[in-house]
Structure formats: structure tokens, C-alpha cells
Amino acid sequence: MSSSIDRREFLEQVGLNTAAVVAGGFAATSRGYAANETLNIGCIGTGGRCRQLMQALGGMPGVRLGAVCDVYEGNLQEGLKLAAKDAAAFRHHEDLLAREDIDAVVIGTPDHWHVPIAVDACNAGKDVYVEKPLTHVPSEGQAIIDAQNRNQRIVQVGMQQRSMPHLQKALEVVRSGKLGEIRKVHLTWNRNTDRAPKKSYGITPDTVDWKRFLGNAPEQPFDEYRFRHWRWFWDFGGGLFTDLMVHYLDVAHWFLGLDHPARAVSIGNWFTNRDQWETPDTVQTLLQYEQPETQVYYEGTFYNARNAAMMEFMGSEATLYCDRGRYEVHPEPRRTFPYEELVLGTGPRGADFYDNPPGEVLHLSNWIECIRTRATPNAPAETGASAAAAAHLANQALRSGAAAQWTA
């Protein structure tokens, strides 16, 4: 037996029709701002990820990309191409934040700059969209939460799954009790690709403010490869746990009301990028939570794409499968209720991205709407700090070679 939710009917119910997506999913006349008032947004760290967000914002009514900032001339010029014709350009984020005409900022820098810039932005009276992981080290979490709350700012962390309507519907399935007790969660983000080969990218020291890029990282000579692939070096990123796992780990926290694991055990290997990355290209971690008592297991690799990118919430009555475009409910043997699915997009199960839902547009739209209404966004700083802290515990176990225990 099976039960498929009508896709078209569901899209209409949640407003995910073509017009809504083009409009960005929000009304330009929302409460809190005058109907004809434009939000002027500055973009900090205009590398590839930030430019994707800029493209999404550029199609939204009542939004203007008025300033860009980057330490690398190449990124700065590419960012200007997506901004308003008269947008201002900066090398230092403090100069952008000093502009009184900037209402909010998008932060797409390497991880080690997320919290320092986000705190500065909150203190400058700007609302913030900051990419995940929110923190680079666990101690930063409270600093950005305090800055958000003290300054009454709208902070949205780029964990866009929280704005995807099929996952919001899947949350209803979890809360209905249909799955029974959920004690085990399996997360994967597996790819089969030779990631980041060493080559010349044409990035030279005269085009980068290297000292500025380093920020709070240890002093070290300019390295084009580290600059281009910072995610895989401990001074600037956190590898697979903070780059990919944190997305789905946040969903586990959201669905099950989890905050932080009590302990973590992790392993890692270098199979596809030996002698290129500091962080392993193949990892596994087991996170044990106590409230509620749950095991969360994650595997990620660039060696084999089996299972791709997916989540399985394993309950006593059924298992909920989710990815970025669908969910499926698989009953346990001898259960009488039918299989259920909701598929919003096209493409293979576990795809990194589906054509629907447009997660970036929806998440940014939620942020813009909350700037206008001053409502709490889908992924405020508290949620970002929680998911990142769990990923940091997994990395602590990985780097120490021993079980890592949570300490408050």
C-alpha cells in the first residue's frame, strides 16, 4: 500500500508557485517597513557561495545590493557585477558597516570570520544573514547569541533546510507520533569526486590582503591553495563535519528537540586527497544524546556516492527518509499504515540540490520578511550555535583520537 501526497496541491498550499518564487516568497508591503521602502544590503565575502545568495536576492522586490566587501580583488569585482550599478566597494568590513544607508548584511566569508563580522554587524545595528557553520570554535556561540539579543537584530544562519516546505511537513509527521519512538538517526553526505586538485588558480599575493584574510588565524605565508580551498584547513574551516554534516545535523536537532550530544566518537581518513587537505576526505562520527536519548550517526566521503545526501529518522513504527527534495515514510514490518511520500523536485534521491524547492530563495525570503516584521527567523543564532557545537565535538573526537565529552 502507498499514499502519495499530491505535489501540485501541496505546492499551492505553501505558496510555492512560480509567481511566489520569483517574488522571493514575501510581500513587499509587510508590516514594519513602508510599502515603498527598499532594504539596502551589503555583501561581505563575495566568493562563490555569497554570489549565489546575491543572485537569489537580486530577484526579490524591495531589495537592493548596495555594497560589497572582499579581501580578494577578483571576488570584489565579481560581486560588483551582481550589485547595484552604484554599489560601494570595500576591503574592510568595518568600513561597510559604518555606512548608515546599509540596513543588513550577508556574510559569506570563511568560517573563522563568521562570528567576528556578525557580532560587529549586530553592534552596528545591521541585521545579518550568515553562512553555516555559524561558529569556527565552540566559544563563539554565546558571543553571537548575546550580540543578536542585546542589539535586537534579526540573525538568520544559512541552514536553509528549515525553510524547505517538505521538511516542515516532515516535521509534522515526526510530531504526530506516526514513527513511534525515534532513537536512531542516520545522516550521510557522500560524493564520488576528486575534490580540489592542486593547480594554479591565478590568485597572486598582490591581489589579496592576506593579513586581513588570516584574521584571528595564526600567522603564515601566503598560500594560493589554502586561500582557495580554506574549508579543508583547520585554521579557516572544519572539514566535512562543519561544512556538510551541520546542515542535516541541524534538521535532527530541529525534528527531535536536541541541543547537544553528550559524547562523540569519530574516525577519518585521506583516500582521495592525500597530502592535500588537513581535514580528512572520509569521516564517520557517532553522536550520543541524552535528552532525549538518541544516537545520531553521520558518514561523509568524496570516495563513494552511495546514499548521497540524506537523512533517516528510525522510529519503532516507521522510518522517515528525507533529502533536499522529498520525504518518504517507510512502515516497519507488519505495520498496517501505508507507505507515504512527498516529492517536490526532480532528480535522483539524495541529490545535493533539486530544482524544487528553491531553498536559498525561501530561506533568504524568510530573512527579508523577518527584517520587515521583526519576527524570529527560521534559523536564528541559537540554532546555528547548537548545530555547530555538535559538529565541533565530532571534530574534537576526530583530532584527539579519543571519545569527546560535552562540557558546558
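The values are calculated or read from the model by the stated rules, or taken from the named source; none is laboratory data. Quantities reported herein were computed from a predicted structural model and do not represent experimental measurements. Positions of Cβ are backbone-derived with ideal geometry, glycine not excepted, and every protein chain shown enters the neighbour counts. Just so you know, the surface numbers come from the protein's heavy atoms only, side chains and all, with ligands and any DNA or RNA stripped out. Shrake-Rupley method; radii C 1.70, N 1.55, O 1.52, S 1.80 Å.
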### Query
Quick one: which of Ala217, Ala196, Ala170 is modelled with pLDDT under 95 and small (Gly, Ala, Ser)?
Ala196
### Summary
With the first residue restricted to the stretch 120-146 and required to be without any contact (Cβ under 8 Å) to a residue 24 or more places away in the chain, and the second required to be crowded, with 24+ Cβ neighbours inside 10 Å, Cβ contacts under 6 Å at 6 or more apart or on different chains are none
### Query
Got a number for residues in the stretch 342-358 being in contact (Cβ under 8 Å) with a residue 40 or more places away in the chain, under 18 Å from the mean Cα position of the chain (by Cα) and open to solvent by 50 Å² or more (accessible area, probe 1.4 Å)?
0
### Query
For the stretch 320-341, how many residues meet the condition of being surrounded by fewer than 18 Cβ atoms within 10 Å (Cβ to Cβ), touching a residue at least 40 places away in the same chain (Cβ under 8 Å) and assigned to a strand (DSSP E or B)?
2
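Conditions tested, residue by residue: (1) within 24 Å of Gly359 (Cβ to Cβ); (2) free of Cβ contacts under 8 Å to residues at least 12 places away in the same chain.
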{"residue": "Leu39", "(1), (2)": "yes, no"}
{"residue": "Gly48", "(1), (2)": "yes, yes"}
{"residue": "Gly62", "(1), (2)": "yes, no"}
{"residue": "Gly66", "(1), (2)": "no, no"}
{"residue": "Asn75", "(1), (2)": "yes, no"}
{"residue": "Leu80", "(1), (2)": "no, no"}
{"residue": "Ala83", "(1), (2)": "yes, no"}
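Yes or no, residue by residue, for (1) in a loop (DSSP other than H, G, I, E, B); (2) on the phi > 0 side of the Ramachandran plot; (3) modelled with pLDDT of 95 or more:
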site	(1), (2), (3)
Pro348	yes, no, no
Asn356	yes, no, no
Leu362	no, no, yes
Ala375	yes, no, yes
Ala379	yes, no, yes
### Task
Find all pairs meeting these conditions: Cβ atoms under 6 angstrom apart; at least six residues apart or on different chains; first residue within the stretch 389-407 and within 13 Å of Ala262 (Cα to Cα) and open to solvent by 30 Å² or more (accessible area, probe 1.4 Å); second residue of a type in the set (Val, Ile, Thr) and modelled with pLDDT of 95 or more.
Ala403/Val265
### Task
Report, by residue number, each residue of the stretch 108-133 that is among the aliphatic types (A, V, I, L, M), under 18 Å from the mean Cα position of the chain (by Cα) and closer than 20 Å to Glu369 by Cα.
Ala118, Val128, Val130
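Quick grid of which residues meet (1) in a loop (DSSP other than H, G, I, E, B); (2) surrounded by 15 or more Cβ atoms within 10 Å (Cβ to Cβ); (3) modelled with pLDDT under 95:
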position	(1), (2), (3)
Ala20	no, yes, yes
Arg31	yes, no, yes
Asn36	yes, no, yes
Cys43	no, yes, no
Arg51	no, yes, no
## Note on the structure
Checking Gln284, Gln276, Gln288 in turn, the sole residue that is polar (S, T, N, Q), in a strand (DSSP E or B) and in contact (Cβ under 8 Å) with a residue 24 or more places away in the chain turns out to be Gln288
### Task
Search the stretch 219-272 for residues being of a type in the set (Lys, Arg) and in contact (Cβ under 8 Å) with a residue 60 or more places away in the chain, and hand back the single one that is surrounded by the fewest Cβ atoms within 10 Å (Cβ to Cβ).
Arg263
### Summary
Taking the stretch 276-307 and the residues there that are among the hydrophobic types (A, V, I, L, M, F, W, C) and open to solvent by 20 Å² or more (accessible area, probe 1.4 Å), the one that is modelled with the lowest pLDDT would be Ala305
